[in-house]
Each structure stands twice: as structure tokens, then as C-alpha cells.
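Student: The following block contains the structure, expressed as C-alpha cells.
Values quoted throughout were computed directly from the atomic coordinates according to the rules given, and no laboratory measurement underlies them. The shown structure was predicted, so the numbers you read here are calculated from the model rather than taken from an experiment. Cβ placement follows ideal geometry from the backbone for every residue including glycine, while neighbour counts extend to all protein chains displayed.
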Amino acid sequence: MIHKSGDWFFISTKNTSYVMRILDTGHVMHFSYGACIGHDAEGLEYIHDGFDVNVGCCTYYDEEHPRMFMNNLSMEYATVGKGDTREPAVDVRYSEGLSTLDPVYYEHRIFKGKDLGAVPCASADEDNVETLELVLKDKVVDLFIHLFYSSYEDEDVILRSTRIVNRTGSDVVLENVASLMLDFSDCNWELLSFDGAWARERNITRRKLHPGITVIDSKLGCSSNEHNSLVYLVRSDSGPDYGEVVATNLIYSGNHSERIDVGPFSKLRLVTGINPFGFSWTLADGESFTSPEAVVTYSSSGWNRASANFHSFIRKYIVRGKWRDRERPILINNWEATYFDFTEEKLMDLAARAKDLGIELFVLDDGWFGRRADDRSGLGDWVCNRKRLPGGLEGLGRRLHDMGLMFGIWVEPEMVNEDSELFEKHPDWRVSIPGRKPAVCRHQYVLDLSRKDVVDHLFSSLSSVFESGCVDYVKWDMNRTMSDYYSASGRSSGMGGFFHRYMLGLYSLLQRITERFPDILFEACAAGGNRFDLGMLCFMQQIWTSDNTDLHHRIGIQEGTLMGYPQSSMGAHVSASPGHQSLRKSSIESRFNVACWGAFGYELDLAKLCAEDLEAVRGQIRFYKKYRPVLQSGIFRKVVSSDDNLVFWASTLGKTTIVLEYQILNRPNTGVQDRLRLPFLNRSGVYRVEARRQIIRAEDLGDLSKAYGKTVSEEFSVTISGSLLCDYGLCLGPQFAGNGFCDGTRVLGDFGSRLYVVEEIG
Ligand code: DGJ
């Protein structure tokens with residue numbers, strides 16, 4: 001709900017309030033963002049310390065306002081040049097290079113639903129969403145700043161974006177336009193960011209904030225595996241279930257930047273949007289520029305609540321199409337099973353084994369097209385290689401459909417190899433600077449999607465592939481980042497517009513393709529998780545999380561990913577042991593227990609599995625199908641563990657909660673029993689807790705196999721009251737280990753795990 005009362009604006013959701021105030025100078029002050037406050041709360045003005053610092057040489061606004069120090073004022077959208085030297089939200093050059101702006105309240109409107117902008121944006125329904133468009137205008141020139149705020153009542157989410165409208169009579173150049181700026185009246189926050197590189201994406205970094213600017217950003221031309229645009233500000237005493245949290249993300253897939261400035265008066269400012277690095281956008285008189293949208297949520301009860309807010313918002317308002325609410329199929333992907341070394345018969349053999357185990361979708365990965373025999377050639381030529389697939393994609397697709405499997409294929413449309421027909425015909429379509437040798441990555445180059453002819457070509461060549469091949473699913477890969485920034489299309493915005501124009505070209509292609517093929521389930525991918533963001537999720541219902549499927553590394557990767565993105569969007573596969581990325585040996589049951597928290601599949605040669613592992617896989621698929629709605633769409637929570645060696649996750653839907661218990665390293669004879677405490681359950685309920693039956697391979701127990709004497713895990717089924725589970729926790733029993741004398745019932749070992757089904761039965 002949005003309400004204006006005198007000089008105050010209140011944007012409210014179910015549990016939060018965002019408050020702004022128009023000062024007598026016309027400046028819009030950011031007053032507060034936090035727990036819900038009433039519109040008429042008495043003494044509201046006293047919760048903020050204002051801007052009144054009593055020091056000698058601070059620049060003040062004017063002689064009528066001698067105590068108005070812009071550098072200590074909590075602003076709604078800061079500009080340059082009037083005394084606020086903290087990180088600005090907007091930076092513009094007008095009238096021969098001037099940058100000083102002094103925008104004040106001009107007008108506003110409040111309406112149901114929201115405007116749908118040009119770049120991908122969240123959808124809205126009028127019952128749940130209201131929007132405030134707050135227009136500021138510079139005191140001197142006709143430059144207008146439109147600030148949009150949409151309140152998503154049920155999800156406790158506020159969406160922000162900015163539109164700059166130029167009516168100055170001449171060109172202006174935008175050097176920076178933030179989607180969101182948020183001022184806090186103190187700096188006692190810590191930052192959680194989601195960082196890494198290939199094969200170790202989105203691991204959580206927690207850091208204290210000190211005076212100065214901390215920057216989280218991407219300059220790779222995509223949202224990047226180095227730093228996700230998701231950031232959390234958390235109170236130092238906060239955790240999964242307690243403490244204040246403000247979390248933001250961008251609906252954007254290109255270069256982004258999140259700047260956190262702890263200013264001279266210990267206030268904190270967060271500014272997020274398109275990265276000003278490599279950005280410069282010329283607006284002619286009468287033109288406007290709209291930023292990507294930023295999503296922000298607040299929780300007074302820890303990180304789990306904030307991530308749950310994001311999850312429900314994304315499921316409902318970001319993900320689209322027929323697959324939005326459908327259960328995602330269990331897939332087999334041939335990449336780690338065969339790499340480039342496959343024939344149609346080899347694929348059919350893998351498919352037959354998969355079908356027999358209960359798998360639902362067969363995905364043919366890289367290598368089916370053009371001259372592609374390895375990663376040096378073929379990208380750009382989206383025509384089936386009939387030497388490999390004599391019946392073409394349609395032949396293979398038909399055979400798989402006849403078998404009762406869905407059919408999926410891999411493409412990497414944004415790229416080209418020099419060794420390809422496309423490059424021979426259109427060398428100028430690749431991103432490179434005339435007269436310079438472009439940098440290479442995986443022997444490939446980026447196509448210039450800022451050009452309409454390139455986008456048109458890709459639309460028609462991909463359309464023929466998707467039409468011909470009975471295609472049910474597409475994995476859309478992107479395996480390199482940008483270099484040699486240049487577009488031969490010579491747009492008026494010059495190279496400063498290159499990165500963003502590339503994104504607009506990509507989005508227009510995705511828009512056309514997804515409209516043309518509404519039945520296809522799309523999975524984005526970028527050398528694993530190099531483009532895991534809300535922009536891609538507006539078109540593609542799921543994203544490949546990481547090429548690293550090692551169960552232990554996936555604990556960190558998935559835990560970070562789930563802080564911002566729902567389980568249904570997170571591709572997770574069981575692959576071979578030893579793992580191809582880590583060489584780690586692990587049991588297939590434990591690999592499943594970690595992978596089943598997302599859009600799930602297998603990516604290994606099923607012909608190489610022993611009988612015990614095949615039996616395990618059959619059981620896993622039965623389990624996943626039974627609990628798929630809980631695992632894909634339940635409320636995900638990180639569960640606090642009293643022991644750093646143990647990780648617990650939970651996902652709840654209705655009366656069912658699935659819990660993961662994951663042990664890092666086995667420690668003999670600790671004398672402590674592991675304990676599961678689920679503080680979010682219904683205290684007055686009664687629960688049955690059962691462990692999933694797991695196959696135990698004799699080989700994994702070695703000499704202790706005889707002493708254990710079983711090939712399946714010990715049954716574990718207890719009935720316990722909700723209050724005991726919430727407040728005390730359930731002892732999970734001693735672990736089996738040690739000279740064959742220990743009678744412990746649980747077999748975990750290093751990187752071992754169990755799944756529990758917790759059912760409310762009364
Ligand atoms: C990178 C992806 O992340 C992998 O899953 C696989 O599709 C390869 N590309 C194929 O080249």
C-alpha cells in the first residue's frame with residue numbers, strides 16, 4: 001500500500017514500511033526502511049537524527065538553511081555538486097560538461113499495478129501491487145528524475161527503478177544511473193556478498209564495513225560468477241533466524257555495481273544499478289533512459305525470512321510462461337557422460353537406461369551441430385551434424401519421444417568460432433576492434449548482439465532448430481566474457497553504450513524466442529553459473545548453477561545461491577565419483593542428498609554404475625518424485641547447527657518438511673550426539689521424523705562392512721512433539737565407526753549425509 005500524508009510518503013507491505021519526507025526546500029529525504037509503522041505514528045519525526053551536525057566547515061545548503069548539511073542528510077536519490085560527497089545515485093553531464101544537479105519534488109502519482117518497462121522487469125497484479133512514481137526536477141535545468149516504487153504487499157518486497165527524462169533542449173550524457181539508493185541512519189551493518197569464479201560460484205562472504213566505499217561489481221559483460229548482484233546488509237548479531245536484514249538484487253544480466261559507502265558521519269549508503277564502469281549514455285532532448293529494476297526486502301527476523309521473500313516474489317513475478325508453476329522434470333544430461341565423444345546409438349543407450357530408472361528428460365549437450373568435434377569449431381552454425389545424428393535432431397527427438405522421454409538440446413547462440421561457416425560469411429559480426437587482435441576464450445568470440453541483423457539472424461536460425469527437433473527443453477549456454485569492447489554498428493551512444501546495448505539485444509532475442517516457443521522449458525547456463533540473475537530468470541525458468549557438481553563444494557555454492565534464488569530455478573545434478581572437478585570420492589546417496597534441492601538431474605554415464613548404485617538411483621528418483629513439490633517449491637531455510645562440522649537445510653510445504661543433514665568430516669568418538677532443532681515448526685503440533693532409506697555399499701565401509709552387516713541404512717522413525725523439536729532438538733543417534741565394536745546406527749563418514757522427512761501428523 002502507498003499513502004501520502006502531508007509531506008510524508010509511506011510505502012507499506014505486510015511487515016515493512018519505507019518512509020520518505022519532502023523537506024521545506026523540496027528535497028526528498030529518505031526517512032526509514034524497516035519494520036511496519038503506522039501512517040499516523042506519533043513522534044515519527046523523532047526516530048531520525050536528521051542532518052544536523054554541529055561542526056564548523058561543513059557545506060550547508062543555503063543561508064536560509066544553515067543547518068542543512070547535505071553530506072549528513074539521508075537522501076532518496078543523491079546527486080553531485082551540492083555538498084553531498086558520498087557515493088551519488090546519478091551522474092549526468094549537461095550543458096558543456098556540468099554535473100551539478102539539485103533535484104526537488106515536482107509531482108507524483110500513485111496507481112495500482114506497475115508500468116512494464118523495456119528491459120526485463122517484474123510482472124505485477126493489481127490486487128497485490130501498488131506503485132508510486134515520484135518525479136523530481138532540477139531547480140535550474142529541465143532534467144527530470146522519475147523514481148518508481150512498487151510495493152509487493154504479500155512478499156514484503158519493494159521494487160525500485162529510475163527514469164531520467166531530458167527536456168533541457170540539448171543532449172545530456174548519463175555517466176551513472178542507479179536503480180536504487182538506500183541511506184541508513186547508522187553503519188552498524190555487515191555485508192554478505194556472493195562471490196567466486198568458475199566452479200566456485202556464489203559462496204557467501206561476510207565482512208564488516210568500515211569508513212569508505214566497498215564495491216561489489218561485474219565488469220565481465222555479464223552478471224558474473226565473480227560477484228552476484230545479490231547483496232545482504234545484516235546486523236552483526238543476525239543469523240538465519242534472528243536479526244535485521246536488508247537484501248537487494250537487480251533484474252539485470254550485465255555489468256552491475258553495488259557500492260556501500262560508510263560516510264564521514266557513520267551513516268551508510270547503498271547504491272546499486274548498472275556499473276558506471278563502461279557506461280555512458282547520450283540522451284537527446286526529449287529522450288529518456290530507464291534503469292533496470294532493483295528488488296529490495298527487509299526482515300526483522302533473520303536471513304531465512306529475506307530469502308523466502310525473494311523466493312516467493314521470483315516464483316510469482318519474475319519467472320514466466322507455462323513452466324512457471326510446473327514441476328521441473330528429472331533430466332539426464334550427456335555432457336559429463338560422453339563430452340564430445342558420442343554417436344546416436346551411444347545416446348540412445350544412455351537414454352534407455354535413464355528411462356528405465358524413471359528419468360523424464362534427455363538433454364543432448366554440446367557437439368551436435370556444424371563442424372563441432374571439439375571446442376575449437378562449429379559455434380555459430382546451428383545445423384545438425386548428420387554424420388553424428390543420421391536422422392537429424394528430428395530423428396533423435398522422435399526416438400526419444402517414442403520411448404516416453406522429453407527431448408532437450410544445448411545451444412550457445414551468442415558465440416562464434418573462427419572455424420565456422422558463420423564466421424567465414426560475417427567476420428564483422430564478432431565483437432572485436434578493427435586493427436586489433438581480439439582476446440580469446442575457449443577458442444571462441446562473442447557475437448555483437450547490439451546489432452539488429454545479428455539478433456534477426458539468431459532468431460531465424462534458432463527457430464528452425466527448435467521447430468525441427470521436437471524440442472521440449474533448451475539449455476542456453478554462454479561460455480566467455482567480453483573483451484575488445486566495440487560495436488561496428490556505430491550507435492550514437494558510442495562505446496559507453498556497448499555493454500548495455502548488448503544486453504538489450506540479448507533480451508530482445510530472448511523475448512522473441514520465448515514468445516515463439518512458449519512450451520519449451522529453458523535453462524540458462526554460462527560456463528556453469530556465470531550469469532545467474534533475475535534478468536535471465538525473466539525468460540528462462542531455471543539456471544545451471546555451476547559446472548562443479550562436487551557435493552561438498554555444492555554445499556557452499558547452493559547455500560549462497562538459495563539466499564537469493566528459489567530451489568526451482570537452481571539446476572543441480574548427480575555426477576560421477578571421483579568428481580570431474582574435484583576428484584573427490586563420495587557415495588551416490590550423499591551426492592543425491594545434496595543435489596535434490598534444486599531442478600534435479602543426473603550427468604554421468606549410467607552404464608558405469610554398479611548394481612548397488614543403480615538400486616540407489618531408483619530409490620532416489622522415487623523419493624524425488626514423491627517430494628518434488630517440497631524440494632522445488634517449499635520454503636527453504638538454513639537451519640542453525642551447533643557444530644561447524646554439520647550443515648542442516650530444510651524445505652517446508654504444507655505439513656511436510658524435508659531436512660538435509662550433511663557432515664563434512666567424520667570425527668571418531670566425540671561423545672556428542674548430533675541434534676536437529678527446527679525452530680520454525682508448529683510448537684503445538686506432533687511430528688513423525690523418518691530418515692530416507694539409503695543403500696550402503698559394502699565397498700564404502702571396507703573392512704567394517706561385515707561388522708555393520710547391512711546393505712541399507714538403519715530405519716529411523718520417531719514421533720516427537722513440535723515444542724521439543726523447536727526448542728530442544730532431536731538426537732539423531734550415534735554414528736557407526738571404529739573397529740567394528742561401535743553399535744552406532746548412522747553411517748555417514750566423510751561428506752556423508754542423510755535426508756529426513758518431517759511430517760506433521762497431529
Ligand atoms: C559449459 C556448461 O556449463 C557445461 O554444462 C556444458 O554445457 C559445456 N559448457 C558444453 O560446452
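Student: What number, in percent, do you get for the relative contact order of the stretch 477-603 if the mean sequence gap of Cα pairs under 8 Å and at least 6 apart is divided by its residue count?
Tutor: Relative contact order, the stretch 477-603: 19 percent.
Student: I need the calculated FRET efficiency for the pair Asp127 and Asp703, taking r as the beta carbon distance and R₀ as 56 Å, to the nearest 0.05.
Tutor: E between Asp127 and Asp703, to the nearest 0.05, is 0.30.
Student: Suppose each label sits 7 Å from its Cα in the direction of the beta carbon; what would the Glu45-Leu98 distance come out to in nanometres?
Tutor: 3.3
Student: Another question, then. For the charge dipole of the chain, defined by +1 on Lys and Arg C-beta atoms and -1 on Asp and Glu C-beta atoms about the Cα centroid, which residue among Gly392, Thr652, Pro66 has the Cα displaced farthest towards the positive pole?
Tutor: Gly392
Student: In a shell of Cβ-Cβ distance under 12 Å around Gly380, excluding Gly380 itself, what net charge do Lys and Arg (+1) and Asp and Glu (-1) give?
Tutor: Cβ neighbours under 12 Å give a net charge of -3.
Student: I'd like to verify something in the chain: which complete DSSP H helices, judged by Cα projection on the helix axis, reach 18 Å or more and average at least -1.0 on the Kyte-Doolittle scale?
Tutor: Details: long enough: 344-357 (20 Å, -0.54); 452-468 (24 Å, 0.25); 498-516 (27 Å, -0.05); 611-633 (32 Å, -0.75).
Flagged H segments are 344-357, 452-468, 498-516, 611-633.
Student: If you place +1 on the Cβ of every Lys and Arg and -1 on the Cβ of every Asp and Glu, how big does the dipole about the Cα centre of the stretch 552-626 come out, in debye to the nearest 20?
Tutor: In total the dipole reaches around 100 debye.
Student: To the nearest 20 debye, what is the magnitude of the charge dipole of the chain about its Cα centre, counting +1 on the Cβ of each Lys and Arg and -1 on the Cβ of each Asp and Glu? Before the final figure, lay out the partial values.
Tutor: Numbers: 83 positive and 104 negative charges, 350 e Å.
Taking the Cα centre of the chain as origin, the dipole is about 1680 debye.
Student: Before rounding to the nearest 500, sum -39500 (n - 2.57) across all DSSP H runs of length at least 4 in the chain and divide by the residue total; then give [θ] at 222 nm in deg cm²/dmol.
Tutor: Result for the chain, helices only: -5500 deg cm²/dmol.
Student: Now a separate question. If the chain between Lys437 and Ser468 were fully stretched, how many nm would it gain, using 0.36 nm times the residue separation less the Cα-Cα distance?
Tutor: Once the chain is fully extended between Lys437 and Ser468, it gains 7.4 nm.
Student: Give me the number: length gained by fully extending Lys219 to Glu418, i.e. 0.36 nm times residue separation minus the C-alpha to C-alpha distance, one decimal in nm.
Tutor: Length difference between fully extended and current span is 69.2 nm.
Student: Would you please classify the overall shape of the chain from the alpha carbon gyration tensor, given that a ≥ b ≥ c denote the square roots of the eigenvalues, rounded means a/c under 1.5, and beyond that prolate means a/b larger than b/c while oblate covers the rest?
Tutor: Because a/c hits 1.5 or more and a/b fails to exceed b/c, the chain counts as oblate.
Student: Classify the stretch 217-346 as rounded, prolate or oblate from the Cα gyration tensor: take a ≥ b ≥ c as the square roots of its eigenvalues, call it rounded if a/c is under 1.5, otherwise prolate when a/b beats b/c and oblate if not.
Tutor: oblate
Student: So what's the projected area for the stretch 2-52, the Cα convex hull averaged over all directions, in nm²?
Tutor: 3.6
Student: Also: For the stretch 447-506, how big is the tail of P(r) above 15 Å, as a whole percent of Cα pairs?
Tutor: I get 58 percent for the Cα pairs in the stretch 447-506 exceeding 15 Å.
Student: Under 15 Å from a point placed 7 Å out from the Cα of Ala284 along the Cα-to-Cβ direction: which residues of the stretch 136-171 have their backbone N that close?
Tutor: Residues 166-171 qualify, since their backbone N sits under 15 Å from the label point.
Student: Okay, moving on. Under the 0.36 nm per residue contour assumption, what length would be gained going from the current alpha-carbon distance of Ser460 and Asp24 to full extension? Walk me through the intermediate numbers first.
Tutor: On the way: separation 436, 0.36 × 436 = 156.96 nm, distance 5.71 nm.
Contour length minus Cα-Cα distance gives 151.3 nm.
Student: Taking the inverse of the average 1/r across all pairs of different Cα atoms in the stretch 538-642, what Kirkwood radius in Å do you get?
Tutor: On the way: mean 1/r = 0.0701 Å⁻¹.
One decimal place: 14.3 Å for the Kirkwood radius.
Student: Within 11 Å, Cβ to Cβ, of Asn15, how many net charges do the neighbouring residues add up to if Lys/Arg are +1 and Asp/Glu are -1?
Tutor: Once all neighbours under 11 Å are counted, the net charge is -2.
Student: Relative contact order, percent, of the chain when contacts are C-alpha pairs under 8 Å separated by at least 6 residues?
Tutor: 10
Student: Related question: Val80: net charge of surrounding residues, Cβ under 12 Å, Lys/Arg +1, Asp/Glu -1, itself excluded? Walk me through the numbers before you get to the answer.
Tutor: Numbers: positive: Lys82, Arg86, Arg93; negative: Asp84, Glu87, Asp91, Asp102, Asp138, Glu175.
It works out to a net charge of -3.
Student: Based on the Cβ-Cβ distance of Leu116 and Ser684, what FRET efficiency does E = 1/(1 + (r/R0)^6) give at R0 = 51 Å, to the nearest 0.05?
Tutor: Computed FRET efficiency for Leu116 and Ser684: 0.70.
Student: Taking amide hydrogens as modeled 1.01 Å from N in the peptide plane, which residues meet the under 5 Å criterion relative to Met75, leaving out close sequence neighbours?
Tutor: Close amide H contacts, sequence-distant or interchain: His30.
Student: Please work out the C-alpha center-to-center distance from the stretch 307-358 to the stretch 655-705 and express it in whole Å.
Tutor: First find each Cα centre; the distance between them is then 28 Å.
Student: Right, another one. For a paramagnetic label modelled at 7 Å from the Cα of Leu583 toward its Cβ, which residues of the stretch 547-561 fall within the zone defined by backbone nitrogen distances under 17 Å?
Tutor: What the label zone holds, given the 17 Å backbone N cut-off, is 549-553.
Student: Taking a ≥ b ≥ c as the square roots of the eigenvalues of the Cα gyration tensor of the stretch 328-394, is the shape rounded (a/c under 1.5), prolate (a/b larger than b/c) or oblate?
Tutor: prolate
Student: 7 Å from Cα along Cα→Cβ at both Arg326 and Lys626: what's the point-to-point distance in nm?
Tutor: Using points 7 Å along Cα→Cβ, the separation is 2.6 nm.
Student: Let me ask something else about it. Calculate, for His401 and Asp484, the FRET efficiency according to 1/(1 + (r/R0)^6) with r their C-beta to C-beta distance and R0 41 Å; round to the nearest 0.05.
Tutor: That gives a FRET efficiency of 0.45.
Student: Could you work out how far apart the two model spin labels at Glu64 and Asp7 are, taking each label as a point 7 Å from the Cα in the direction of the beta carbon, and quote it in nm?
Tutor: A separation of 1.2 nm, rounded to one decimal place.
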